[in-house]
Every structure is written in structure tokens, then in C-alpha cells.
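A quick write-up on the structure given underneath.
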Amino acid sequence: MQIDGKPYRTIWLNDDGWSVEIIDQTRLPHAFATLKLTTSDDAAVAIRTMQVRGAPLIGATAAYGVALAMREDASDDALSKAIAHLAAQRPTAINLRWALEEMRMALAPIEPGARVARAYGRAAEICDEDVESCRRIGINGLPLIEEIARGKGGKPVQILTHCNAGWLACVDWGTATSPIYHAFNAGIPLHVWVDETRPRNQGAALTAFELGRHGVPYTLIADNAGGHLMQRGEVDLVIVGTDRVSSNGDVANKIGTYLKALAAHDNGVPFYVALPFSTIDWSVADGSDIPIEERSADEVLKMMGRLPDGRVAEVEIAPLNAQAANPAFDVTPARLVSGLVTERGIAAASREGLVSLYPERWNKLGE
Ligand code: MRU
């Protein structure tokens, strides 16, 4: 994606050939700043503090975190420790564990002396594969928007999204946003309702930023506005991303997604979830077994914003000593999901639907 005319991915290798650069997402939308990761712990901190966030990007960063660890010590012990440390940073997005398992499979069987080169190679492949998956998600999701557009007589297709499942959450394109970018690039009139996504405001800070930079018309709304807009017929389609899909098609995503799915169901609005294969957890039978991250109460009690003098500051929004709870994800049951949009096509949110797209998993599921 382009920022001020320059093409960017969310993670790339520095010109020195070994350190890793990211866009510091904690600084957006007020500053576009990049950050250099030089150790595996830098990668772990970036994941934990959400300098990088979004399921596929967390995985890609962890992969490079293993490569950075191998530069310092490529022994079996160091490999196991680095993988365990990176895996412990965030619990819900399965892409983190998927990417680390890919790194383990690539590195464990080879000699320590060959591990650094292979680690960088596999991390780069994981990034490239994610870009291609997300591009394909866009191509496969585009007909959903085209079909709605045909019935709108030239009026914009109204799409609602939650959190940031855009290119900032992936390596490029995004998951939920990829069909939107493909439709916009194809000249289909559309408009996006962007949920602000409290408490961390990924919609306001990130989705609004990236849609705006691409020129996609959008309107930011409070999280609570979606149901009302759906009742008024002002939403044609909901598309969200996901951090983990269980093998029966239940979908874990940013807190508040479930309420949007309920409202969409009640109002007959199609509710689609976009994801790459690396977000499916075949080992989990249903969504009740997906671990839900509990984050700091501070994220609910405080908000970050820009002051009139241009400084960025954090303010308290609740009484001193207020108690707060901060579950970061929720699970939308498969029955509320109209379909899963993947790099292989669109399928029903069910075990059968997933297996129809990934038949090679059938034997393993049957075990
Ligand atoms: O806590 P975050 O910002 O990492 O949560 C991100 C989301 O919930 C996204 O919707 C999800 O990762 C899909 S990413 C394409």
C-alpha cells in the first residue's frame, strides 16, 4: 500500500540485510514512524505492546523474531526458548503460534550453522505468502460487493467493518479490507462505516488512517451506532477479520464483533469474515476453547489523543480508582456468519465448509 506515494509493507528487512523494520502502530494516526527491531526481544516487545498487531502481522513479526534470535545463538536450546518467549506475548491470534511452528519445522531439522539463513528465508516466505493470501481474499470477496452494487443503481455499497483488519494488520492488502480495496480500485462506488473499536480505537486510529490514505470514502462511528444504522437500512454488508477460527467455523475477533453479528442477523445484513488459512485452528473444536486475551484495565480507563497544541497525550476518562475489565476478543458463533472469505474461496462457516476449502485437512480432523 502507498503512504505519500511510497509503497510500504508493514514489516521489511532493513538495507543492512538483517535488522527488521516495522511501522510503529502505537504512534498512528498522529505520526507515521518506523522502528528498527534488532533483537528477538525487540520483536516480542513490539508484539506485546502492539507496535505491531493484527493476527497475520503478529505471526510475521514473530517469524523475524526467531531469525533475530538465531543470529545471537542458533543452538537447539536458543531456538526453543525464542519460540516459547515469542508465543507467550499474545494468546488469541493463532497466526502467532502457526508462524512459530512453521519456523520450528524449518529450523529444527537442520544444522545450527545453517539456521540463520534459513530463518530469514522462511520469515520472508511467510510475509510473501501472507501478501498473496490477502490479495486472493480480495479477489474472492470482490463478487460479494459487485453483486450488491448491481442492485444499488449507482449508489455506494455501504460496508461496515470493526477493528483494523486492514493492511496494517497483515503484511499488505488486509483481510476484511482486501475486497474493499479491490472493489474501490475497480471503480465500484462504496462507502465504509468504520467502528471506532474501543478500547484501543483500532478503527479510529488505523482503519480510518489506511482507508483515507487510499482514498476510500469512510465515516467513523461510535461502536454502538452499527445496530441503529443496520435498522435504518444503511448497511449492505459487514466484513470483519478474525484472530482465530475454530474447526466448526466459530470466529474470535476484536471485542464487539459478536454484537455486530447479532445486529446484522436481526436485520438481515450479510456478515462475512475474511481470513487466510493461517487463522484456522483445526485443533479447536469450537469457539468456547479459544483463549480470550484479558488486557490492562488502563486501556479502558485512559485514552490517547492529540491536544489542540499538537502534542499527543493520554487522558483519564473515568473516576480515579474506577474498576475496569478489558476482555480483548469475543467469539461469534458460526450460525451468525454468512460465510468465510479465504484465499481459496468463500465457504460456509462450518466444519463442512472449511473442509470443502481445505480437503487436505480432512484426515487430520477425522483423527
Ligand atoms: O488486538 P489487535 O489489534 O491485534 O486485534 C486485531 C483484530 O482483532 C483484527 O480484526 C484481526 O486480527 C484480524 S487481522 C486481519
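Taking Asp24, is it away from the ligand (no atom under 16 Å from the Cβ) and among the charged types (D, E, K, R)?
Spelling it out, it is not the case that Asp24 is away from the ligand (no atom under 16 Å from the Cβ) and among the charged types (D, E, K, R).
Any residue at all in segment 141-155 that is within 30 Å of His228 (Cα to Cα), outside the structural domain of Arg9 (by TED's automatic domain parsing) and within 15 Å of the ligand (Cβ to nearest atom)? Break it down stepwise before answering.
The first filter runs over segment 141-155 and keeps only residues within 30 Å of His228 (Cα to Cα), leaving 141-155.
Adding the requirement that they be outside the structural domain of Arg9 (by TED's automatic domain parsing) leaves 141-155.
So of that shortlist, the ones also within 15 Å of the ligand (Cβ to nearest atom) come out as 141.
Yes: one or more hits.
Among the residues of segment 181-189, is any surrounded by fewer than 21 Cβ atoms within 10 Å (Cβ to Cβ), among the β-branched types (Val, Ile, Thr) and farther than 27 Å from Arg351 by Cα?
yes
Just to be sure before I move on: is Ala69 open to solvent by less than 40 Å² (accessible area, probe 1.4 Å), without any contact (Cβ under 8 Å) to a residue 24 or more places away in the chain and away from the ligand (no atom under 16 Å from the Cβ) in the structure I sent? Before the answer, list the steps.
Working: open to solvent by less than 40 Å² (accessible area, probe 1.4 Å): yes; without any contact (Cβ under 8 Å) to a residue 24 or more places away in the chain: no; away from the ligand (no atom under 16 Å from the Cβ): yes.
So Ala69 fails the test.
When you go through Leu301, Leu262 one by one, which is the residue that is open to solvent by 50 Å² or more (accessible area, probe 1.4 Å) and either away from the ligand (no atom under 14 Å from the Cβ) or within 20 Å of Cys134 (Cα to Cα) (or both)?
Working: Leu301 fails: open to solvent by 50 Å² or more (accessible area, probe 1.4 Å).
That would be Leu262, the only listed residue that is open to solvent by 50 Å² or more (accessible area, probe 1.4 Å) and either away from the ligand (no atom under 14 Å from the Cβ) or within 20 Å of Cys134 (Cα to Cα) (or both).
Among the strands (runs of 3 or more DSSP E) confined wholly to segment 278-332, which include 2 or more residues that are modelled with pLDDT under 95?
Counting at least 2 such residues, we get no strands (runs of 3 or more DSSP E) at all.
If you scan segment 158-194, which residues turn out to be assigned to a strand (DSSP E or B), of a type in the set (S, T, N, Q) and within 16 Å of the ligand (Cβ to nearest atom)?
Answer for segment 158-194, where residues must be assigned to a strand (DSSP E or B), of a type in the set (S, T, N, Q) and within 16 Å of the ligand (Cβ to nearest atom): just Thr161.
Looking at segment 85-126 only, could you name the residues that are open to solvent by 60 Å² or more (accessible area, probe 1.4 Å), of a type in the set (A, V, I, L, M), assigned to a helix (DSSP H, G or I) and over 20 Å from Trp18 (Cα atoms)?
Met105
In segment 140-152, is there at least one residue being in a loop (DSSP other than H, G, I, E, B), more than 23 Å from Val20 (Cα to Cα) and without any contact (Cβ under 8 Å) to a residue 12 or more places away in the chain? Outline the logic, then answer.
Here is the first cut: in segment 140-152, the ones in a loop (DSSP other than H, G, I, E, B) are 151-152.
Narrowing the set further to residues that are more than 23 Å from Val20 (Cα to Cα) leaves 151-152.
Next cut, without any contact (Cβ under 8 Å) to a residue 12 or more places away in the chain only: 151.
Checked segment 140-152: at least one residue is in a loop (DSSP other than H, G, I, E, B), more than 23 Å from Val20 (Cα to Cα) and without any contact (Cβ under 8 Å) to a residue 12 or more places away in the chain.
Residues in segment 3-16: is at least one more than 16 Å from the ligand (Cβ to nearest atom), surrounded by 18 or more Cβ atoms within 10 Å (Cβ to Cβ) and over 16 Å from Leu168 (Cα atoms)?
no
Taking segment 33-66 as the search range and keeping residues that are within 16 Å of the ligand (Cβ to nearest atom) and basic (Lys, Arg), which one is nearest to the chain's Cα centre (by Cα)?
In this case the residue turns out to be Arg53.
Anything in segment 229-250 that is of a type in the set (Ser, Thr, Tyr) and surrounded by fewer than 24 Cβ atoms within 10 Å (Cβ to Cβ)? List them, or say none.
Passing the criteria: only Ser247.
Is one or more of the residues making up segment 325-346 touching a His at 6+ places or on another chain (Cβ under 9 Å), free of Cβ contacts under 8 Å to residues at least 60 places away in the same chain and surrounded by fewer than 16 Cβ atoms within 10 Å (Cβ to Cβ)?
Scanning segment 325-346 turns up at least one residue that is touching a His at 6+ places or on another chain (Cβ under 9 Å), free of Cβ contacts under 8 Å to residues at least 60 places away in the same chain and surrounded by fewer than 16 Cβ atoms within 10 Å (Cβ to Cβ).
For Ala169, which of the numbered conditions (1) of a type in the set (Gly, Ala, Ser); (2) in the same structural domain as Asn253 (by TED's automatic domain parsing); (3) more than 14 Å from the chain's Cα centre (by Cα) fails to hold?
(3)
The values are calculated or read from the model by the stated rules, or taken from the named source; none is laboratory data. Given the structure is predicted, the values throughout are model-derived calculations rather than measurements. A quick note on method: Cβ atoms are made from the backbone with ideal geometry, for glycine too, and the neighbour counts reach across all protein chains shown. For the accessible areas, the whole protein counts, side chains as well, though only heavy atoms, and no ligand, DNA or RNA atoms are used. Shrake-Rupley method; radii C 1.70, N 1.55, O 1.52, S 1.80 Å.
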